[in-house]
1. Sort out which residues of the range 135-164 are closer than 25 Å to residue 6 by Cβ, modelled with pLDDT of 95 or more and away from ligand 1 (no atom under 16 Å from the Cβ), and write them in order of number.
2. Would you check if there is a residue in the range 166-181 being assigned to a strand (DSSP E or B) and more than 15 Å from ligand 2 (Cβ to nearest atom)?
3. Only residues that are part of a loop (DSSP other than H, G, I, E, B) and within 16 Å of ligand 1 (Cβ to nearest atom): list them for the range 1-38, please.
4. For the range 307-359, what are the residues that are farther than 30 Å from residue 210 by Cβ and assigned to a strand (DSSP E or B)?
5. Which ones in the range 184-228 are in a helix (DSSP H, G or I) and within 17 Å of the chain's Cα centre (by Cα)?
6. Surrounded by fewer than 22 Cβ atoms within 10 Å (Cβ to Cβ) and assigned to a loop (DSSP other than H, G, I, E, B): does that describe residue 248?
7. Pick from the range 10-24 the residues that are touching a strand residue (DSSP E or B) at 6+ places or on another chain (Cβ under 9 Å), free of Cβ contacts under 8 Å to residues at least 24 places away in the same chain and within 16 Å of ligand 2 (Cβ to nearest atom): which of them is farthest from residue 346 (Cα to Cα)?
8. Is there any pair with a first residue in the range 47-74 that is farther than 16 Å from residue 240 by Cβ and a second that is modelled with pLDDT of 95 or more and assigned to a loop (DSSP other than H, G, I, E, B) whose Cβ atoms are under 7 Å apart and which are 6 or more apart or on different chains, and what are they?
Ligand code: PMP
Ligand code: GLU
């Protein structure tokens with residue numbers, strides 16, 4: 001008799017490992033786990049306190065009032081019409097991604113790389129074949145329409161649902177797609193009838209506030225996932241939302257609700273009530289979002305600059321809080337020290353310096369690529385928020401611990 005083989009997700013296991021090292025008194029530079037450093041808005045926290053008495057199960061799809069709020073909110077910020085019936089709420093987007101993959105049967109999932117740690121495992125758990133499309137540093141890790149076309153032509157004629165995951169601003173690359181780039185991809189996707197899972201969980205953290213939702217360009221087959229984990233600083237609260245296409249097949253909707261009912265039942269009622277407050281798009285919330293974007297831009301540039309000075313290649317970040325580091329300029333030196341893969345690199349770094357990075361292999365990169373992801377979230381978000389207009393001047397102070405970690409990394413590389 002055997003058991004299902006499923007490893008603990010790289011993000012969560014590194015988080016636990018770093019915490020254990022820190023608890024044991026080791027200096028750890030926590031670049032490994034992508035968790036928002038900002039607290040949820042105070043009024044949202046207060047709403048959660050007031051909702052503690054809510055012990056009821058809500059509808060599987062979520063509180064009707066919240067589905068309405070989320071529809072109106074994303075209509076306003078993303079500029080496309082959404083009916084509340086298109087919105088499904090769940091305890092995080094991860095179970096939604098799992099259930100979406102399960103609902104499309106049979107299916108195959110195209111994932112342009114590098115890509116977030118959980119997409120490929122979730123696709124495989126649903127029994128799907130995973131088709132990776134490699135991208136390059138020189139092309140800013142963007143998937144090109146011609147590469148997509150080639151991948152779909154190669155798999156033409158297979159009688160199954162074609163799904164593709166598109167995540168931007170991206171985890172692990174911190175980069176986004178322009179309207180024009182998305183339009184070129186859409187032409188290919190439409191021609192091949194592909195369903196897109198647009199993971200836009202970092203959309204509101206586009207550093208310039210210029211996120212373009214895929215649902216605007218490809219409304220008929222885009223499933224947008226989003227939620228409170230990133231822009232609202234509430235990852236551990238577990239609230240995710242899915243926005244289905246306006247004419248999604250009823251069978252798809254029913255499958256998703258059915259799967260939700262047999263697994264998580266509903267998102268926690270108190271969290272949903274607090275989310276009603278989070279999705280209240282007024283000037284205070286606009287200010288909260290604008291401040292986060294400005295802080296992440298300032299701190300992301302400071303960290304990127306320090307890495308560039310150390311000779312480590314990475315693209316300047318455009319959204320979210322990640323950088324994908326390329327250590328290939330050091331490959332000869334690293335090989336001479338017996339380090340030939342991304343995981344050897346990250347293991348040795350953590351052991352020698354306390355710098356915790358996640359190897360590129362966790363994001364679908366070839367292990368010989370000597371890439372790793374850095375999350376620049378090890379700072380006091382609340383203190384940075386207090387700095388307001390001065391943040392560009394004080395970014396390096398806020399980032400001091402991270403800059404110290406990069407200095408240790410630099411020294412180690414020499
Ligand atoms: N997508 C991406 C790209 C992520 O970084 C994460 C990590 N939180 C998730 C999805 C899952 O988010 P949630 O907390 O909503 O499950
Ligand atoms: N998304 C975060 C990351 O990539 C962590 C949360 C998770 O993996 O569920 O580090």
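The values are calculated or read from the model by the stated rules, or taken from the named source; none is laboratory data. No experiment lies behind these values; they were computed from the predicted model shown. Note: ideal-geometry Cβ built from the backbone for every residue, glycine included; neighbour counts use all protein chains shown.
1. 161, 162
2. Yes - at least one qualifying residue is present in the range 166-181.
3. Initial filter on the range 1-38 (part of a loop (DSSP other than H, G, I, E, B)): 1-9, 24-28, 31-38.
The answer is 8, 9, 31, 32, 33, 34, 35, 36, 37, 38.
4. Within the range 307-359, 355, 356, 359 qualify.
5. Correct list: 203, 204, 205, 214.
6. Yes.
7. The qualifying residue farthest from residue 346 (Cα to Cα) is 19.
8. 57/265; 57/266
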